[in-house]
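Nothing in this text is a laboratory measurement; each read-out follows from the coordinates by a stated rule. Please read these numbers as outputs of a predicted model, since none were measured by experiment. Methodologically, a virtual Cβ is constructed for each residue, glycine included, from the backbone with ideal geometry; neighbour enumeration extends over all protein chains shown.
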Amino acid sequence: MTVNLLNFDQPALASYFQELGEKPFRAKQLMRWMHHFGASDFEQMTDIAKTLREKLAQQAVIQPPAVHVEQVSDDGTRKWLVDVGNQNGVETVFIPEADRGTLCISSQVGCALECTFCSTGRQGFNRNLSVAEIIGQLWVANHSLRQADGYDMLPAGERIISNVVMMGMGEPLANYDNVVTAMRIMLDDSAYGLSRRRVTLSTSGLVPAMDRLKEDCPVALAVSLHAPNDNLRDEIVPINKKYPLAELMAACQRYLVKAPRDFVTFEYVMLDGINDTLQHAKQLLDVVKDVPCKFNLIPFNPFPDSGYDTSRSDNIRRFRNVLMQAGYVVTTRKTRGEDIDAACGQLAGKVQDKTRRSERRARKIPIGVAL
Ligand code: SF4
């Protein structure tokens, strides 16, 4: 059977080579060719013996997911719709800034967690992405950006993507094993060599998986908070019913013992009249009081039938001021790539919904009731 080597981190690749009767150090060489230089053809790997290259070509491939559509915004933001088979697609977004280039990666086809303001959550859930499909998004983006810059392979040491955020479609901690393996490849010096501070995982708050992550692969942590009390969060981020705010804050504190940064970033989508009053801001200060943190306020990007409007800019400003006056660092996310729908919450992709969520909604059958 042909194996896709993009599914392997370095230890798995070393075992693969051992099974072939080859020395484990070949894994390091191959990681470098695949990820550092972006090679997909074994013939390019000139420091690997020809006989081994031929053997690899017979039984393995380096196969990133195909790109269905690539769009480039006027502001330089790029979005790829990555084909993950069976008429499904996930989206990957590159955001260039003066001092960094950030890639936002998807982890699942759709999402099962049903946050009410989220375009992905509205579409239902199909499946988890494989390691090759997750790390493949970084591979594909690097490849495309290199070509745009006129390189076939990047000179050693050069990097266009400096930061990765696991904030695209899906809840990354619900696809734990594949996401952690992909992040280990991102951190591997023979592959992408990103520091743990430059890889951020954003979760809606799967507490047991947060505890595992701090042991297995403690990267920077962002938490999709979006509400300052349990009543409201139960409604708009339903996983809160399972892991309410007090448990989530305690998990954040535990995470920070191992985290590469000494703060958690709380993401807060600004929904007009829902979670954006001064009282909400004051409640929020109380909720997070024991967690060193920063806030990222995200003006909501409306999508058809969302039922929400984005907060008025003066309300966002007032909300931000309450947090800043309490001494917190607050950023308000700029909308990037508006002309290509690349903004947060607009990543639609193409999801064949196995959870039949839209059907349920139309028939008003409560989620969780088996059909
Ligand atoms: S916000 Fe994140 S966890 Fe919630 S439904 Fe959307 S993708 Fe899933």
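Here are the numbers for this structure:
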read-out: Distance violations [Cα-Cα > 29 Å] among Lys214/Lys242; Lys289/Lys334; Lys241/Lys334; Lys23/Lys214; value: Lys241/Lys334; Lys23/Lys214
read-out: Per residue Cα convex hull volume in Å³ - calculated over the range 1-138; value: 155 Å³
read-out: Potential lengthening between Thr331 and Asp272 on full extension [0.36 nm per residue; Cα-Cα distance subtracted]; value: 19.4 nm
read-out: Degrees separating the helix 176-187 axis from the principal Cα axis of the chain, which is the longest one; value: 60 degrees
read-out: Added length on full extension, which subtracts the Cα-Cα distance from 0.36 nm per residue, Gln63 to Phe37; value: 7.9 nm
read-out: Distance in nm between pseudo-label sites at Gln18 and Asp75 (7 Å out along the Cβ direction from Cα); value: 4.9 nm
read-out: Rounded to 10°, Cα long-axis angle of helix 278-287 versus longest principal axis of the chain; value: 60 degrees
read-out: Estimated distance in nm for a label pair at Lys289 and Gln253, the labels positioned 7 Å out from Cα along Cα-to-Cβ; value: 1.2 nm
read-out: Estimated FRET transfer efficiency (Asp177, Asp99; beta-carbon r; R0 30 Å; 0.05); value: 0.35
read-out: C-alpha long axis of helix 207-216 to longest principal axis of the chain, angle in °; value: 40 degrees
read-out: Point-to-point label distance, Thr51-Asn231, nm (Cα→Cβ direction, 7 Å offset); value: 7.5 nm
read-out: Choice from Met167, Met249, Met186 with maximal GNM fluctuation in the chain (Cα, 10 Å cutoff); value: Met249
read-out: Net charge of neighbours whose Cβ lies under 15 Å from the Cβ of Arg318, counting Lys and Arg as +1 and Asp and Glu as -1; value: +1
read-out: Most to least packed among 17-26, 37-46, 229-238, 88-97 [average Cβ atoms within 10 Å]; value: 88-97, 229-238, 37-46, 17-26
read-out: Three semi-axes of the equivalent ellipsoid, the range 92-229, Cα gyration tensor, whole Å, largest first; value: 26, 16, 14
read-out: Order by protection proxy (mean Cβ within 10 Å, highest first), peptides 205-211, 133-139, 56-62; value: 133-139, 205-211, 56-62
read-out: FRET efficiency for Ala246 and Gln44, using Cβ-Cβ distance with R0 set to 51 Å, rounded to 0.05; value: 0.40
read-out: Kirkwood Rh and Cα Rg combined as Rg/Rh, the chain; value: 0.98
read-out: Mean residue ellipticity (222 nm) of the chain, computed from DSSP H runs ≥ 4 via -39,500 (n - 2.57), nearest 500; value: -9500 deg cm²/dmol
read-out: FRET efficiency, 1/(1 + (r/R0)^6) with R0 35 Å, evaluated for Asp216 and Arg356 via beta carbons; value: 0.60
read-out: Cα gyration tensor shape for the range 282-330, rounded if a/c is under 1.5, else prolate or oblate; value: prolate
